[in-house]
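Notes for the one structure printed next.
Values quoted throughout were computed directly from the atomic coordinates according to the rules given, and no laboratory measurement underlies them. All figures in this text were calculated on a predicted structure; none of them were measured in a lab. When we count neighbours, we look across all protein chains shown, and the Cβ atoms used for this are built from the backbone with ideal geometry, even at glycine.
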Amino acid sequence: MPDLLITSPANPRLKQVIALRTRRGRTASGLTCVEGRDELALALGAGVLPRTLFHCAELMAPGGGSVVDDVRTRGAETVALGRAAFEKVAYREGPDGFLAVVASPGIALGDLEVAAGGLILIAQAIEKPGNLGAMLRTADAAGVAAVIAADPVTDWGNPNVIRASKGTVFSVPVASADTATTLTWLAERRYVLVATTPATELLHTQAELTGSIAVAVGAEKWGLDAAMLAAATIRVRIPMAGRADSLNAATSAAIVLYEAIRQRG
């Protein structure tokens, strides 16, 4: 049976998808969007089953139909869109004809389980979705056990987080909580908190980063707050030879995480 075809950009179903661009819409529905073939493929590989896959043959690269068939075989609804209709719901420039509605990623911190000796990234009050997404790509590549957003400014289902992460938000366990709850969770599991800050003499390469370690990175403008710094067992800085006193938050996270990976062999 052929897919339902929607050609009108004013179709009510498309308005429901557009509502997921807002945090309010995502929170109310528990849903978000994954746009792009690569991002969708990674989400599918992580076990995500779309509620609905909207697709546009006119925008697809050759072979795109096989992806639609795969999603349909898994039991998800697939809906064909005309070009004008698809471009109405697409949030990225140059859409490639794939947009899936899925359950928003992320779990409550209390439900997060990590093995002893794991490496965790704490992202505190990161404002830019692109930075949070870039941290997830690093976490996925480095084999980080989980990423926790402490006092999150954006949500894991933000389409720009998903896009910047290339879909790795679905492959890395992610959770959110306020800072106090995060610190309690770490203490109960005897994690050593490593705070990144320019206000220390200890270089990240000089610190012991093996065992159960949680690396905390704050927003570029303010860095980590007083509570996170006070709770840290270790404070480290990344050496900088220029005039700037801080790096991009995602870059800082990558540098320290990969030093931890190096030390772990």
Inset, instruction - List the lysines whose Cα lies under 26 Å from the Cα of residue 221, skipping any in the same chain that are fewer than 8 positions away. - result: 128, 166
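Filter the trypsin sites (Lys or Arg not before Pro) in the stretch 75-152 to those in DSSP coil with at most 11 other Cβ atoms within 10 Å of their Cβ, and list the result. Present the calculation step by step, with values, prior to reporting the outcome.
Details: sites: 83, 88, 92, 137; in loops: 92.
Nothing satisfies the criteria.
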Legend entry - Radius 15 Å from Cβ of residue 180, net charge of other residues (Lys, Arg +1; Asp, Glu -1): -4
Inset, instruction - Can you tell me the dipole magnitude for the chain around its Cα centre, using point charges on the Cβ only (Lys, Arg +1; Asp, Glu -1), in Debye to the nearest 20? - result: 300 debye
Inset, instruction - First obtain the Kirkwood hydrodynamic radius of the stretch 100-253 from its Cα pairs, then insert it into the Stokes-Einstein equation at 37 °C and 0.692 mPa s, and state the resulting D in µm² per second as a whole number. - result: 212 µm²/s
Inset, instruction - Show which lysines lie in cross-link reach of residue 88 when reach means a straight Cα distance below 17 angstrom and same-chain residues fewer than eight apart are skipped. - result: 15
Inset, instruction - Determine the relative contact order of the chain: mean sequence separation of Cα pairs under 8 Å and six or more apart, normalised by residue count, in whole percent. - result: 19 percent
Inset, instruction - Quick one: angle between helix 179-188 and the longest Cα principal axis of the chain, in degrees between 0 and 90, rounded to 10, please. - result: 70 degrees
Inset, instruction - Jot down the radius of gyration and Dmax of the stretch 39-132, Cα atoms only, both in angstrom. - result: 16.8, 51
